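S.K.: Handing you this structure, nothing more for now.
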Amino acid sequence: MCLGVPAKVIELMANDVARVDVNGNQTEISVRLTPEVKINEYVLVHAGFAMEIIDESIALETMQYLEELLQYE
Amino acid sequence: MSEISDYRQQLLQAIQTEKATVSLMEVCGTHTMAIAKSGIRELLPPNIKLLSGPGCPVCVTSQGDIDAVIEMARQKDIVLVTFGDMMRVPGTYSSLQEERSQGADVRIAYSPLDALRVARENTDKEVVFLGIGFETTAPAIAITLEQARSEGLSNFSVFSLHKVVPPALELIFSDPNINVDGLICPGHVSVVIGVEPYEILAHKYKKPCVITGFETMDILEGIFMLLKQIKQGDAQAEIQYRRVVKREGNLVARQSIEKVFKPVEARWRGLGVIPDSGLALREEYESMDARLKFNIPDMEEMPIKGCACGEVLTGKINPPDCLLFGRACTPLNPVGPCMVSHEGSCAAYYRYTPAKGRG
């Protein structure tokens with residue numbers, strides 16, 4: 001029920017609507033809950049709404065942490 | 001992505017060497033599915049138990065509420081728009097799917113905004129959206145209601161069966177018959193509510209809580225973080241799912257829930273009536289409250305004979321321990337809601353547990 005799908009914002013339109021890309025499929029969602037979102041950012045989509053902006057730096061940080069962990073193994 | 005699979009392997013090994021006897025509970029249907037699908041439960045040593053809690057909104061909806069919705073769908077000139085999960089949930093005498101086959105106008109939508117479109121296109125009919133879900137879904141419904149009001153759509157209303165998670169968690173922690181040492185907290189509910197509600201619970205009941213994501217690696221990391229806290233005698237609320245969940249949650253979403261909904265007592269399947277665990281429309285939005293608009297009475301609770309969904313939802317038994325599981329109750333012919341919903345514990349067990357493990 002609380003399923004969320006990551007999507008990339010490709011166009012910001014009027015009335016807090018954005019066009020997003022989900023694995024190559026494009027759809028329109030509401031970005032009323034994430035007013036600060038910018039083009040090219042990833043958002044978590046649930047029931048046609050962007051719920052939160054996905055923090056790419058933390059995702060990348062985790063990857064770096066993994067690499068470090070493996071180096072010191 | 002070999003780094004990820006190596007890290008996953010390391011996490012699993014660290015968890016498998018754990019000797020303490022520990023019960024961890026997840027309270028999110030998406031976790032139930034992810035755990036069943038990934039096979040994590042089978043990979044854990046027998047001393048680490050994973051329980052499923054009341055994390056599936058469809059499953060925790062009380063029988064009386066389901067009967068009330070079905071009753072409403074039967075009314076003439078009502079178009080009921082719902083998320084797909086609700087269609088096959090059995091009421092005492094019928095389901096929405098059966099009602100549709102009998103001529104009721106019941107439609108499935110992915111977003112509540114789709115229901116607004118139905119209302120704009122059918123001004124001669126009353127369009128009711130069935131609002132069901134936790135804090136993840138409530139902001140979407142709140143914004144849809146605001147939008148309907150600003151457009152002056154007088155034929156749109158919501159039947160709110162929304163629930164909030166923290167009061168149910170408090171009940172789980174305080175029930176002496178439910179043995180839980182730590183909580184795998186729901187990732188997407190927490191996107192909205194943030195970490196604070198779990199901090200209160202963790203401190204009050206001295207049990208660690210970790211907000212966890214949905215990839216196999218996320219879940220293993222969440223379990224690892226919980227085991228580490230238990231070992232050190234800690235009881236903190238932590239966020240594993242940091243790429244999406246902020247400490248304070250989503251303030252805009254929280255404010256929109258606050259603006260449109262008020263907390264009310266709600267009945268949960270398996271848990272009973274919990275104060276302040278439901279969301280009803282505030283007075284300013286009462287004209288869009290379908291329960292009031294169509295005068296839908298509270299329906300009596302009619303328990304399903306033999307169904308143990310209530311015990312399953314509180315982690316008291318595992319799905320295969322139910323006498324109906326896999327025999328009288330299967331995904332094709334479900335008796336209780338936990339077998340109907342794609343993310344119900346029984347459906348997840350049935351789909352992904354090898355037949356010999358199904359009991």
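S.K.: Kindly establish whether B:I274 is away from chain A (no Cβ under 14 Å), under 24 Å from B:H203 (Cα atoms) and either of a type in the set (A, V, I, L, M, F, W, C) or surrounded by 14 or more Cβ atoms within 10 Å (Cβ to Cβ) (or both). Working first, answer last.
M.R.: Numbers: away from chain A (no Cβ under 14 Å): yes; under 24 Å from B:H203 (Cα atoms): yes; either of a type in the set (A, V, I, L, M, F, W, C) or surrounded by 14 or more Cβ atoms within 10 Å (Cβ to Cβ) (or both): yes.
Against the criterion (away from chain A (no Cβ under 14 Å), under 24 Å from B:H203 (Cα atoms) and either of a type in the set (A, V, I, L, M, F, W, C) or surrounded by 14 or more Cβ atoms within 10 Å (Cβ to Cβ) (or both)), B:I274 qualifies.
S.K.: Looking only at strands (runs of 3 or more DSSP E) that fall completely inside the range B:189-289, which ones have 3 or more residues that are free of Cβ contacts under 8 Å to residues at least 60 places away in the same chain? Step through it out loud before you land on a result.
M.R.: Working: elements: B:209-212, B:237-239, B:261-268, B:272-281.
Those strands (runs of 3 or more DSSP E) span B:209-212, B:237-239, B:261-268.
S.K.: More than 14 Å from chain A (Cβ to nearest Cβ) and surrounded by 13 or more Cβ atoms within 10 Å (Cβ to Cβ): is that true of B:R242 in this structure?
M.R.: On the way: more than 14 Å from chain A (Cβ to nearest Cβ): no; surrounded by 13 or more Cβ atoms within 10 Å (Cβ to Cβ): yes.
No: the conditions fail for B:R242.
S.K.: Restricting the range B:117-169 to residues that are buried (at least 17 other Cβ atoms within 10 Å of the Cβ) and of a type in the set (D, E, K, R), which is farthest from B:S62 (Cα to Cα)?
M.R.: B:E126
S.K.: Please list, ordered by residue number, the helices (runs of 4 or more DSSP H) wholly in the range B:63-170 having 3 or more residues that are more than 30 Å from B:C329 (Cα to Cα), in contact with a strand residue (DSSP E or B) (Cβ under 9 Å, 6 or more places away or on another chain) and β-branched (V, I, T).
M.R.: Values: elements: B:63-73, B:96-101, B:112-121, B:138-151.
Those helices (runs of 4 or more DSSP H) span B:138-151.
S.K.: So, in the range B:325-351, how many residues would count as being farther than 20 Å from B:M302 by Cα, in contact (Cβ under 8 Å) with a residue 60 or more places away in the chain, within 14 Å of chain A (Cβ to nearest Cβ) and in a helix (DSSP H, G or I)?
M.R.: Qualifying residue count, the range B:325-351: 2.
S.K.: Pull up the range A:32-44, narrow it to residues that are more than 9 Å from chain B (Cβ to nearest Cβ) and closer than 19 Å to B:L251 by Cβ, then point me to the one that is surrounded by the most Cβ atoms within 10 Å (Cβ to Cβ).
M.R.: Within the range A:32-44, the match that is surrounded by the most Cβ atoms within 10 Å (Cβ to Cβ) is A:V43.
S.K.: Within the range A:45-59, restricting attention to residues that are more than 7 Å from every other protein chain (Cβ to nearest Cβ) and assigned to a strand (DSSP E or B), which residue is nearest to B:L145 (Cα to Cα)? Spell out the reasoning first.
M.R.: So the first thing to find is which residues in the range A:45-59 are more than 7 Å from every other protein chain (Cβ to nearest Cβ), and the list is A:45, A:50, A:53, A:56-57.
Adding the requirement that they be assigned to a strand (DSSP E or B) leaves A:45, A:50, A:53.
Numbers: A:V45: 19, A:A50: 17, A:I53: 23 Å.
Going through the qualifying residues, I end up with A:A50.
S.K.: While we're on this one: Within the range A:22-46, restricting attention to residues that are under 10 Å from the mean Cα position of the chain (by Cα) and not charged (D, E, K, R), which residue is nearest to A:E11 (Cα to Cα)? Before the answer, list the steps.
M.R.: Here is the first cut: in the range A:22-46, the ones under 10 Å from the mean Cα position of the chain (by Cα) are A:22, A:37, A:40-45.
After this cut, where a residue has to be not charged (D, E, K, R) as well, the list is A:22, A:37, A:40, A:42-45.
On the way: A:V22: 13, A:V37: 11, A:N40: 8, A:Y42: 12, A:V43: 13, A:L44: 16, A:V45: 15 Å.
Result: A:N40.
S.K.: Taking the range A:45-73 as the region of interest, how many residues are surrounded by fewer than 13 Cβ atoms within 10 Å (Cβ to Cβ), among the charged types (D, E, K, R) and at pLDDT 65 or above?
M.R.: Number of matching residues: 1.
For every residue, the table says whether it meets (1) at pLDDT below 95; (2) surrounded by 18 or more Cβ atoms within 10 Å (Cβ to Cβ); (3) under 30 Å from B:T212 (Cβ atoms); (4) not charged (D, E, K, R).
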site: B:L43; (1), (2), (3), (4): yes, no, yes, yes
site: B:I48; (1), (2), (3), (4): no, yes, yes, yes
site: B:L51; (1), (2), (3), (4): yes, yes, yes, yes
site: B:G84; (1), (2), (3), (4): yes, no, yes, yes
site: B:T92; (1), (2), (3), (4): yes, no, no, yes
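The values are calculated or read from the model by the stated rules, or taken from the named source; none is laboratory data. Worth saying up front: this structure is predicted, and the values here are computed from it rather than measured. FYI the Cβ positions are ideal-geometry reconstructions off the backbone, even for glycines, and counts take in every protein chain you see.
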